[in-house]
1. Within the bounds of the range 226-240, is there any residue that is touching a residue at least 40 places away in the same chain (Cβ under 8 Å), open to solvent by 70 Å² or more (accessible area, probe 1.4 Å) and either in a helix (DSSP H, G or I) or not β-branched (Val, Ile, Thr) (or both)?
2. What pairs can you find where one residue is in the range 716-731 and farther than 26 Å from ASP781 by Cβ and open to solvent by 10 Å² or more (accessible area, probe 1.4 Å), the other is assigned to a loop (DSSP other than H, G, I, E, B) and among the aliphatic types (A, V, I, L, M), and their Cβ atoms are less than 8 Å apart, with a gap of 6+ or different chains?
3. Residues being assigned to a loop (DSSP other than H, G, I, E, B) and modelled with pLDDT of 90 or more: count how many of those fall in the range 783-793.
4. Could you check the range 437-447 and list, in sequence order, the residues that are of a type outside the set (Phe, Trp, Tyr), open to solvent by 10 Å² or more (accessible area, probe 1.4 Å) and touching a residue at least 24 places away in the same chain (Cβ under 8 Å)?
5. Name, by its number, the condition in (1) outside any loop (DSSP other than H, G, I, E, B); (2) closer than 26 Å to LEU798 by Cα that does not hold for CYS673.
6. Considering THR684, THR711, which residue is buried (at least 18 other Cβ atoms within 10 Å of the Cβ) and in contact with a His (Cβ under 6 Å, 6 or more places away or on another chain)?
7. Which of the residues belonging to the range 492-501 are outside any loop (DSSP other than H, G, I, E, B) and hydroxyl-bearing (Ser, Thr, Tyr)?
8. Any residue at all in the range 659-677 that's in contact with an Asp or Glu (Cβ under 8 Å, 6 or more places away or on another chain) and closer than 28 Å to LEU777 by Cβ?
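The values are calculated or read from the model by the stated rules, or taken from the named source; none is laboratory data. None of the values given here were measured: they were computed from a predicted structure. Please note: Cβ atoms are built from the backbone with ideal geometry, for glycine as well, and neighbour counts cover all protein chains shown. The area values use the complete protein model at the heavy-atom level, side chains included, leaving out ligands, DNA and RNA. Shrake-Rupley method; radii C 1.70, N 1.55, O 1.52, S 1.80 Å.
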Amino acid sequence: MAAAFVGGAALGAAFGEGFSVLHDTVKDVASKARMFKPILKRLESTLDRLAPTVNEITQLSEQLDLPKVETEKLIEHMEEGEKVVRKCLKIRWWNYCFKLYYSPKLKELVEEIVRFCQLDMQVHSTRNGLRTSVNVNINLQKVDSVVDRQRVLCTVRDPPDFTVGLDMPMKELKTLLLKEEVQLLLLTAPGGCGKTTLVQMLCQDDQIREMFEGNILFVNVSKTPNVKVIVQNLLNYKNMQPNFQIQSDEDAINQLSQLLNHLTPNPILLILDDVWLASESLPEKFKFDLPNYKILVTSRTAFPRFKFTYHLKPLDDVDAMTLFHRSASLHDENSYIPAEEDAKKIVRGCGGFPLVIKVIGGSLRRQHEVVWHSRLMKWSDGQFYFSSDTELLAHLQKSLEFSDDNIIIKECFMDLGSFPEDQRIPAAALIDMWAELYKVDEDGIHAIANLQELDILNLASLVMARKDASEVKSYYNEDFVTQHDILRELAMHQSSQESIGQRSRLIINISGNNLPKWWTEQTQQLINARLLSISTDELFSSSWCNIQGSKVEVLVLNFHTKNYTLPEFVEKMDKLKVLIINNYGFFHSKISNFQLLGSLPNLKRIRLEKVSIPSLCEILVPLKSLKKISLFMCNIGKAFENCTIQVSDAFPNLMEINIDYCNDLEELPAGLCDIIHLKKISITNCHKLFALPEEIGKLVNLEVLRLRSCTDLSKLPDSIRSLHKLSILDISDCLSIMKLPKHIGELCNLKELNMKGCLRLHTQFPESIMDLEQLKLVVCDEERARLWEPIKEFLTELKVEVAEKDINLNWLPK
């Protein structure tokens, strides 16, 4: 049937008809096929969300210029899928093999439809201004890492790949939660016992997913909760923003009530994770008299006011030993295998806490026999440090022994405490810090290796986006680190063993305007720290006391307010090399006192996150040492306006600029092209960027030009031919680019070209492409790969890699 259709309108009609038949069939069979009900219900939910977009594609099919081959292929697959769904009615409950075989095929079909709709509607929206529900996002890993912090914070993450001892607790917890009389349920256990992991497993359960579908709302409460921010995040997650800024907790609760009433009568599960003792009354604020509305709370404290409580117990000896064997890689033939009694002694000392077992097991992985015996003697003699805070920290303290060759890993672990609790730490920020503190390589390879080592030791979790071959050793903007709050406490505890003035790493957390007593006691507090981190909350008024940080090389400022003033004492930090400013609030923040940076003679790296940047040219003194600027989720539309001096004079030695998710960037300022030392430009996920300046050809030292996911960018300027040192060009997911520059062949040093997802690049490449004699790798999709086939006959060393298709459902309406 599909092959008979030609022309946009006919293809669109056939696509719409095929989708409609499949959608109706899934709805019908989902209500009848008991064995396949959970699978089909999830498919039905996805298809329901896709339906408005499919209708829009059908109506606009002539304008969309649907790709003929892909559309016809998809129509055929939908016909086959409809037949498979029909078969679900005929399969007996015992035929489990059929379920195992066909369930993935149904999932693949829906993913194919999602990708087709997503890309075509993105192309139309970027080229014709169509207002759709599309939130441009190509890569599933991107969505999970950086796309939108508020949405990610309300999503339940998948549980770890390996868990032990939680199957029975999960069943018991589910049974208790689903009881009709239970609206508010407390899950309690000491820190590190696996409460959050148990919740993650619960939310993966078919019965729970089928019951609550898209209405599982996850909130990480943490030590200092803010009701306004929590509700704002929940509203954003469900695409229901109020027309006014939430000013008070009362406003927030009223907005939450409206949200929950909007979601009913469908069942709702609200998860409040990690509620601390001081916030015992918080869950009561989220209670509403609604049918099928349940709240699950996790806490280290067994609050007596809760009528229904589930106590998660530590692992028993068998499960604890299983986890230890895996964590210490005792199955590895290269590992030392301790005596059974020695292993049991270690495991017993861990108290059945999974986190402790994993950390201590990781610290002993592939260690020599001498190390095992040394640790055993020290622990049995009681010669390790017992924390006055919790016994758990004492257990973890045992494992933090690093060899002289590995001491930098310990420093990196403690550096993670510089970022707030329960926040994702960008790998790019750590690369900047460690490049200056520990002189690791500029490209970040060794920094990532350090993070991987921390991951192996179970001291942190490194989440890396899926990468194509051209990105493996060069692109880390979408990678991040997470850390259990107990491990963060341990890192901070390790950093605070010396007096305030003598610490090499000083981490300050300020609640409200309550500065630490030691800071207010002296008018000129002297510190010797190389790394200074200051975190403030939304109540902080930017009233700073003075501090003398003449040895500070890295300054990390974390805050939540809409207005933030750089402290005056920054002006005196003559050795400052790295400045990292992170806004964790809901709205962009306006930063004042930027001119202070003009007095810093050694400042090499600046990273700004979610801030509204004033004119960078307001800095009165040029930053002659500045090598790198990174702007993430910033408003930068006015950053280069009204300059009294040339941009090239303000940053004469700038070598790298990274701009990511800056949605108001429409055109790269021509003045940047006068900075002749620039070697790397990375502009990613800036969907309003429509043009690069013709002057870009002046950047004769440029080696990397990354323009990925700039969906409104329609072409590359002809002057790009002058970039003779350019070795990497990345235009992946630039959906509006229709052709490559005529003289692209003059890029005589180009080695890697990433053009995956360039959906509108249908035409043959320019003849000059045959002159790219240094080109070794091209990453593209299947259709573009066919265009490279004849060229490979001339460029014999060229490898064309077909990128995997990444499917993302996050752009669909909830």
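1. Yes - at least one qualifying residue is present in the range 226-240.
2. Between residues of the range 716-731 that are farther than 26 Å from ASP781 by Cβ and open to solvent by 10 Å² or more (accessible area, probe 1.4 Å) and residues that are assigned to a loop (DSSP other than H, G, I, E, B) and among the aliphatic types (A, V, I, L, M), the close pairs are SER722/VAL700; HIS724/VAL700; HIS724/LEU747; LYS725/VAL700; LYS725/LEU702.
3. Applying the first criterion (assigned to a loop (DSSP other than H, G, I, E, B)) to the range 783-793 yields 793.
Now restrict to residues that are modelled with pLDDT of 90 or more: none.
Final tally of qualifying residues: 0.
4. Once the filter is applied, which keeps residues that are of a type outside the set (Phe, Trp, Tyr), open to solvent by 10 Å² or more (accessible area, probe 1.4 Å) and touching a residue at least 24 places away in the same chain (Cβ under 8 Å), the range 437-447 yields LEU437, ASP443, ILE445.
5. Single failed check for CYS673: (2).
6. Just one listed residue meets the conditions, THR711.
7. If the condition is that a residue be outside any loop (DSSP other than H, G, I, E, B) and hydroxyl-bearing (Ser, Thr, Tyr), then SER495 is the only one that fits.
8. yes
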